[in-house]
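Only the coordinates and a few stated rules stand behind these numbers; no lab work does. Here the structure is a predicted model, which is why all the values come from computation and not from measurement.
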Amino acid sequence: MTTSPRPNGNHRGTPLPPERSPASGVPSPPSAPDAERTARGPAAPAGRRRDAFFDNAKYLAIVLVAVGHAWEPLRDDSRTVDAAYMVVYAFHMPAFILISGFFSRSFDMRPDRLRRLITGVAVPYIVFETAYPLFKRYMDNDPQHEISLLDPWYLTWFLCALFIWRLTTPIWKAVRYPVPLALLIAALASVSPGIGNDLDLQRVLQFLPYFVLGLCLKPEHFHMVRRRSVRIAAVPVFAAALAFAWWVAPVLNASWFYHRDSAQELGAPWWAGPVMVLALFGCSLVLTACFFAWVPGRRTWFTALGAGTLCGYLLHGFVVKTADYRGWFELSVLDGPFGAVLVTVLAAAMVTLLCTAPVRRVFRPVMEPAMDWAFKRDRAEPARERAQDAPREAREKVSA
């Protein structure tokens, strides 16, 4: 997604003044932002190259998601693991959702974007919301576990939420104060136990402010948090967060970080819901900024894996749940600090493998189905493609 420098020159071969380059470290947005688009086949054209910073951030965030899920069975045996778990849960999904919002800024009801939303979000949701209950029936000997597209199970809630959030993008782009309005909606949801479990609307509404904030961000905001001073300040901030989490671990209900229940359902007074929504929003943004400050902006060995984070996200749940159902987390070798480190390394390696290109190719029919047969031809699409290709062709002609 990072564009290469434009070749400068005119028809006489005399070089033009150099083009003004963006500030160092500012991530360049893609020409057609789409949070879940992945690289297909050959390298993308020069004007559509992926931004290494965002791919790095997505990969590191999905590693934290997998590690957090792997830590969950170990929390009762280690206060340190419990504290680290709460710190990770305070920012890993907010960071992922914020990036999703940032890349949804150009979403509208244009036919080609609606097709991508259906094939890249709705179809995987239907497939995995069917696969996970069948998996649970087999692994947990639970024949009563129902398949319901209205009740997301385990990981699939994010696809359901992303579908709803992206459909509402034009609304958030139209209102005057989108983030305060989204926070108000989240606060009201936190005191509304009657919302129920359909479509996991509690999570959809309580995580909404992070998506809306992502819609409002610009590349310059990511540059601000990636300054050297912020990277240095992030060290004591994370240390303080870990120390505080270790202190409150015995008394704090970690379910607040899941954003899937109202205050009343968590046994708290109603006013605790809005207070926790605002408090967690502030804490999550601080930790997310620290996380982004440490994300490298250059290409690394894991940059290409950022294109496969959706695959890693949806598939790692089968591995974690298999280990849980089979009792592997109860093995004596996992007792103590060594066990926590071993689980962390194995979880990171596992999700890394699931993000690789061979795995993505195998699951592309359900992760990125073409489904041309299901949609009418968009007559305006060829004209849009010509308009997008024209600047690149002009640059190539000049450079020749």
Quick one: 3J(HN,Hα) in Hz for region 271-285, Karplus 6.51/-1.76/1.60 with θ = phi - 60°, rounded, Gly and Pro as x. 5, 5, x, x, 4, 5, 4, 5, 5, 5, 4, x, 4, 5, 5
Name the lysines eligible as straight-distance cross-link partners of LYS173: C-alpha to C-alpha under 25 Å, and not fewer than 8 places from it in the same chain. LYS58, LYS218
Which value, to two decimals, describes the C-alpha radius of gyration of region 153-272 once divided by 2.2 N^0.38 Å? 1.24
Work out Dmax and Rg for region 53-399 from the C-alpha atoms and quote the Rg first, both in angstrom. 21.0, 67
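How many Å³ per residue does the convex hull of the Cα positions in region 206-332 occupy? Write out the running numbers ahead of the final one.
Numbers: hull volume 24.0 nm³, N = 127.
Residue-normalised Cα hull volume stands at 189 Å³.
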From largest to smallest, what semi-axes in whole angstrom does region 77-136 give when each is the square root of 5 times an eigenvalue of its alpha carbon gyration tensor? 32, 21, 4
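Can you check how the C-alpha radius of gyration of region 106-224 compares to 2.2 N^0.38 Å, as a plain ratio? Mind showing how you got there, number by number?
Numbers: Rg = 16.6 Å, N = 119, 2.2 N^0.38 = 13.5 Å.
Relative to the rule-of-thumb radius for its length, region 106-224 sits at 1.23.
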Under the Karplus relation 6.51 cos²θ - 1.76 cosθ + 1.60, θ = phi - 60°, what is the ordered set of whole-Hz ³J(HN,Hα) values for region 57-67, x standing for Gly and Pro? 5, 5, 5, 5, 5, 6, 5, 5, 4, 5, 5
Backbone HN-Hα couplings from phi across region 331-338 [Karplus 6.51/-1.76/1.60, Hz, Gly and Pro as x]: 5, 5, 5, 8, 6, x, x, 4
Setting aside same-chain residues fewer than 8 positions from LYS321, which lysines have a Cα under 20 Å from its Cα? LYS136
